[in-house]
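Since every read-out is calculated from the coordinates, none of them should be taken as a lab result. This is a predicted model, so every value here is computed, not measured. Ideal geometry is used to build each Cβ from the backbone, glycine not excepted, and the neighbour counts take in all protein chains shown.
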Amino acid sequence: MKIGILGSGSMGSGIAQIAATAGHEVILYDKNKEALTKTSKNLRRILNRLVEKGRIDDAAANAIFGRIYLVNNMNAYAECGLIIEAIVENLEIKKSVFQQMESIVRDDCILASNTSSLSIASIAAACEKSERVIGIHFFNPAPLMKLVEIIPAVQTNDKVLEESQKLIDSWGKLTVITKDTPGFIVNRVARPFYAESLRILEEGVADVPTIDWAMTEIAGFRMGPFTLMDYIGNDVNYTVTETVFTAFYFDPRYKPSFTQKRLSEAGYLGRKSGRGFYDYSENAKNVEPIKDIKLGKRIVERIVAMLINEAADAVFWQIASKKDIDLAMTKGVNYPKGLLQWADEIGIPKCVKRIEKLYKKYGEDRYRCSPLLRKMAKKGTTFF
Ligand SMILES: NC(=O)c1ccc[n+]([C@@H]2O[C@H](COP(=O)([O-])OP(=O)(O)OC[C@H]3O[C@@H](n4cnc5c(N)ncnc54)[C@H](O)[C@@H]3O)[C@@H](O)[C@H]2O)c1
């Protein structure tokens, strides 16, 4: 099957590489000629590096590169069985390109969007055959990240869902199915990792390196929340939080942080600008963490309790299956443990107690305990 990719930016070119590696001919279209030239050079460089590392041989690299056709005209999409759109995150522009694509493609061609924050239903609504539209959400960098979220819209046909999942699975990815709600699984369930850490910082409970130390050394996360925010970029991370917050009708649970907003406004974007929560300049001296185990444990308990609450609520609202929620967080963002499994290990009544303690202390809706956790604590049940 020929695969079409719309947009040759960081996501589009990564997805094109995956599909071509899986043996498909790929039609990669971008309206910007310079972007196409840049992508072609980048892809060649990436494939050469894979050869240097011994991951693939020369012939395979040439074959993969040869299967990617860079075009600046959508007409070549006429022969594709699936097209994945990865252009600018703007609903009106996405709607208009989906309409354009529909006038070119075969009747049985599946049209997918890689959007991180827009509703698939609203994109599908722009199409005549809205039942062929689906969300296929890769993570950055796409060739390296194993997880892909598959998002059927209310309009999506079951066969389209089934075929899309089967195809992406055959590319060696791990797929999870999620409801068409803001943030899907990962960008929703992960919010407290950032939000609660920022809150702990803003309250003066602990400083940046101490919170990062607690979350890596005690909780076992690969990166501390502030190191990760600096890595993602404070501008990008803030925007995701703000988008999720707005999309959830300003639910205080997702409230963005002024601290991060100000850093972003100041141009302290993180690694890419040389400064964020940490200073990345040469000879910079960053503050050492206070390695107080008691304080560290308190930090971990608070952040993990809020993460578990979010994951439990995603089960409560039937966003995805319990298995897929845990898979998404362990395989997608490398959490040391699935949050629901973690909840079972801590003990559901203990989790409820921790969350209710926060709620009592602050009296804020942000700390309301998921009804599912409370019910489970009462009944003495576990997730798995
Ligand atoms: N960057 C990430 O971490 C990430 C992760 C998951 C999903 N996404 C989503 O993937 C999509 C693309 O993100 P990105 O980071 O690759 O963007 P990007 O800015 O790197 O690339 C976008 C590309 O689309 C092209 N483009 C813009 N409008 C177009 C149009 N009308 N027709 C054809 N080409 C057009 C641009 O020339 C550019 O090359 C967005 O919807 C984003 O939300 C991004």
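Distance between the modelled labels on Ile93 and Ser321, one decimal in nanometres: 3.7 nm (7 Å Cα→Cβ projection). With springs only between Cα atoms under 10 Å apart, run a GNM on the chain and tell me which of Val51, Val333, Val186 wobbles the most. Maximum fluctuation in the GNM of the chain, among the listed residues, is at Val51. Taking a Cβ cut-off of under 13 Å around Asp30, the surrounding Lys, Arg, Asp and Glu residues balance to a net charge of +1, with basic ones at +1 and acidic ones at -1. Only one residue of Ser96, Ala214, Ala16 has its Cα farthest out toward the positive end of the dipole of the chain, where Lys and Arg carry +1 and Asp and Glu -1 on Cβ, and that residue is Ala214.
Each of Lys31 and Val287 was given a label point 7 Å from its Cα along the Cα-to-Cβ line. The distance between the two points is 4.7 nm.
If you run the Gaussian network model on the chain, springs between alpha carbon atoms under 10 Å, then out of Asp344, Asp292, Asp324 the most flexible one is Asp292.
Other residues whose C-beta falls under 9 angstrom from the C-beta of Asn72 contribute a net charge of +1, scoring Lys and Arg +1 and Asp and Glu -1. Within segment 2-177, antiparallel bridges make up roughly 15 percent of the DSSP beta bridges whose residues both belong there. Max-minus-min Cα coordinates of segment 2-177 on each principal axis give 46, 33, 27 Å, with the largest extent listed first. Partners of Lys95 within straight-line reach, counting lysines whose Cα lies under 16 Å from its Cα and excluding those fewer than 8 residues away in the same chain: Lys31, Lys129. To the nearest 0.05, what FRET efficiency results for Glu52 and Asn334 with a Förster distance of 25 Å applied to their C-beta separation? For R0 = 25 Å, the calculated efficiency reads 0.45. The charge dipole of segment 2-177, taken about its Cα centre with unit charges on the Cβ of Lys, Arg, Asp and Glu (plus for the first two, minus for the last two), comes to roughly 640 debye. Neighbours of Leu269, meaning other residues whose beta-carbon lies under 11 angstrom from its beta-carbon, give a summed charge of 0 when Lys and Arg score +1 and Asp and Glu score -1. Over all Cα atoms in the chain, the spread is summed up by Rg and Dmax: 22.0, 64 Å. FRET efficiency for the pair Arg298 and Ser10, taken as 1/(1 + (r/R0)^6) with r the Cβ-Cβ distance and R0 = 35 Å, rounds to 0.35. Packing here is the average count of other Cβ atoms within 10 Å per residue, and on that basis the peptides 123-135, 345-357, highest first, run 123-135, 345-357. Taking Asp57, Asp30, Asp313 as the candidate residues, the one with maximal mean-square fluctuation in a Gaussian network model of the chain, Cα springs under 10 Å, is Asp57. The value of relative contact order for segment 2-177, using C-alpha pairs under 8 Å at least six residues apart, is 21 percent. Of the residues Ala86, Ile110, Ala126, the one whose Cα sits farthest toward the positive end of the charge dipole of segment 57-126, with +1 on the Cβ of Lys and Arg and -1 on the Cβ of Asp and Glu, is Ala126.
Each Cα pair under 8 Å and six or more residues apart adds its separation to the average, and for segment 185-384 the resulting relative contact order is 24 percent. Sequence-distant contacts, meaning Cα pairs under 8 Å at least 6 residues apart, place the relative contact order of the chain at 12 percent.
How big is the charge dipole of the chain about its Cα centre, in debye rounded to the nearest 20, if each Lys and Arg gets +1 on its Cβ and each Asp and Glu gets -1 on its Cβ? Dipole about the Cα centre, nearest 20: 1060 debye. Extent of segment 143-272 along its three principal axes (Cα atoms, max minus min coordinate, largest first): 52, 33, 26 Å. Model label points for Tyr69 and Lys38, set 7 angstrom from Cα along the Cα-to-Cβ axis, are 2.5 nm apart. Counting every pair of alpha carbons in segment 258-299, the share spaced more than 13 Å apart comes to 62 percent.
Cross-link reach is defined here as a Cα-Cα straight distance under 16 Å, omitting same-chain residues fewer than 8 places apart; for Lys375 the aspartates and glutamates meeting it are Glu310, Asp313, Asp344, Glu356. Packing order of peptides 254-265, 68-79, highest average first: 254-265, 68-79 (average count of other Cβ atoms within 10 Å over each peptide's residues). Considering only Tyr238, Ala195, Gly296, whose Cα is most displaced toward the positive end of the charge dipole of segment 192-337, charges sitting on Cβ of Lys, Arg (+1) and Asp, Glu (-1)? In segment 192-337, that residue is Gly296. Our estimate of slack between Phe248 and Met1, defined as 0.36 nm per intervening residue step minus the Cα-Cα distance, is 85.1 nm. Helix content alone sets the calculated 222 nm mean residue ellipticity of the chain: runs of n ≥ 4 DSSP H residues at -39500 (n - 2.57) each, divided across all residues, give -14500 deg cm²/dmol.
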